[in-house]
Amino acid sequence: MRGERLDKLLARLGLGSRKEVGRLIRSGKVRVGGGVVLDPGFHVPEGAALEVEGRPLAVRRHLHLLLHKPAGYVTSRKEGPSVYALLEGFPTRDLSPVGRLDKDTEGLLLFTTDGELLHRLTHPRHKVEKRYLVHLLHPATAADVRAFQEGILLSGEKTLPARLHLGEDPTWVELTLLEGRFHQVKRMFQARGNQVLYLKRLALGPLTLEDLPLGAARPLTPEEERALYQAVGLGG
């Protein structure tokens, strides 16, 4: 059985899009098994040592992409405009989103090829924090803070305790959840007689957007990957 294409492998390992790693390969900066390879379509033998720009490259099994999602895109392959259109250049066939963001919601959206990681990140039992910036029609109150901490009744079931932080302007708040129900943020505030005007996910577990531009995607760094796996008890 032939190994994986070199350009696909390097893209999966986070060195850039297929186009970007193609240029890197043709520049002579990639070695496979000690020899320079100039063909992006070269099939890498299983277990072969990789070097990029003179540094050994560890082969990871899975790809994880961080997207700074803009409003106007849906978290679906079947509808459009799709968030997958923003992942152009990366191998997306086996990538699944970790949860969903509504079409009008911005912020951090993670994709992964690791099904077990996805399950643990989305299952409430693992209590992975999701932090949001929310703009409200009406100012939030101290009573809202207490109600969110106690849990909000949605469809006959209380939400897990949530942290609501009020800033100087109480129409702009930060909300941290431990679960991800359907339209949960909007429904929680609706249950309190308020309306969400703007919503952005700022963080998922140890991951943050930092300076990632709106609409851009990048692979996780090895440090981010380790922190993510450790957050759900998978080591990493």
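Taking the condition at pLDDT 95 or above, outside any loop (DSSP other than H, G, I, E, B), surrounded by 14 or more Cβ atoms within 10 Å (Cβ to Cβ) and not small (G, A, S), does R226 pass?
no
Go through segment 70-94 and report how many residues are within 16 Å of A216 (Cα to Cα) and outside any helix (DSSP H, G or I).
Qualifying residue count, segment 70-94: 13.
Could you say whether any residue in segment 135-149 is surrounded by 13 or more Cβ atoms within 10 Å (Cβ to Cβ), of a type outside the set (D, E), assigned to a strand (DSSP E or B) and touching a strand residue (DSSP E or B) at 6+ places or on another chain (Cβ under 8 Å)?
Yes, there is a match, as at least one residue in segment 135-149 is surrounded by 13 or more Cβ atoms within 10 Å (Cβ to Cβ), of a type outside the set (D, E), assigned to a strand (DSSP E or B) and touching a strand residue (DSSP E or B) at 6+ places or on another chain (Cβ under 8 Å).
Hey, among the residues in segment 22-40 that are in contact (Cβ under 8 Å) with a residue 24 or more places away in the chain and in a loop (DSSP other than H, G, I, E, B), which one's surrounded by the most Cβ atoms within 10 Å (Cβ to Cβ)?
Within segment 22-40, the match that is surrounded by the most Cβ atoms within 10 Å (Cβ to Cβ) is P40.
Taking the condition aliphatic (A, V, I, L, M) and in a loop (DSSP other than H, G, I, E, B), does L10 pass? Show your work before the answer.
On the way: aliphatic (A, V, I, L, M): yes; in a loop (DSSP other than H, G, I, E, B): no.
For L10, the condition - aliphatic (A, V, I, L, M) and in a loop (DSSP other than H, G, I, E, B) - is not met.
Do we have P213 as touching a residue at least 60 places away in the same chain (Cβ under 8 Å), in a loop (DSSP other than H, G, I, E, B) and either under 16 Å from the mean Cα position of the chain (by Cα) or more than 25 Å from P70 (Cβ to Cβ) (or both) here?
On the way: touching a residue at least 60 places away in the same chain (Cβ under 8 Å): yes; in a loop (DSSP other than H, G, I, E, B): yes; either under 16 Å from the mean Cα position of the chain (by Cα) or more than 25 Å from P70 (Cβ to Cβ) (or both): yes.
For P213, the condition - touching a residue at least 60 places away in the same chain (Cβ under 8 Å), in a loop (DSSP other than H, G, I, E, B) and either under 16 Å from the mean Cα position of the chain (by Cα) or more than 25 Å from P70 (Cβ to Cβ) (or both) - is met.
Could you check segment 156-182 and list, in sequence order, the residues that are of a type in the set (V, I, T), in contact with a Gly (Cβ under 9 Å, 6 or more places away or on another chain) and in a loop (DSSP other than H, G, I, E, B)?
The one that is of a type in the set (V, I, T), in contact with a Gly (Cβ under 9 Å, 6 or more places away or on another chain) and in a loop (DSSP other than H, G, I, E, B): T159.
Go through (1) touching a residue at least 40 places away in the same chain (Cβ under 8 Å); (2) small (G, A, S); (3) crowded, with 17+ Cβ neighbours inside 10 Å one by one and return the number of the condition G193 breaks.
(3)
Anything in segment 30-48 that is touching an Asp or Glu at 6+ places or on another chain (Cβ under 9 Å) and β-branched (V, I, T)? List them, or say none.
V30, V32, V44
Kindly provide the set of residues from segment 103-162 that are of a type in the set (S, T, N, Q), modelled with pLDDT of 95 or more and not assigned by TED's automatic domain parsing to the domain that holds L199, ordered by number.
T105
Confirm whether E79 is surrounded by fewer than 20 Cβ atoms within 10 Å (Cβ to Cβ) and among the acidic types (D, E).
Answer is yes for this residue.
Quick one: in segment 82-121, of everything that is more than 11 Å from the chain's Cα centre (by Cα) and among the basic types (K, R), which residue is surrounded by the fewest Cβ atoms within 10 Å (Cβ to Cβ)?
For segment 82-121, the residue satisfying everything is R93.
Condition check: more than 30 Å from A203 (Cα to Cα) and assigned to a strand (DSSP E or B). Does P56 satisfy that?
Criteria met by P56.
The values are calculated or read from the model by the stated rules, or taken from the named source; none is laboratory data. Since this is a predicted model, take the numbers as computed values, not measurements. Cβ atoms come from the backbone with ideal geometry, glycine included; neighbour counts cover every protein chain shown.
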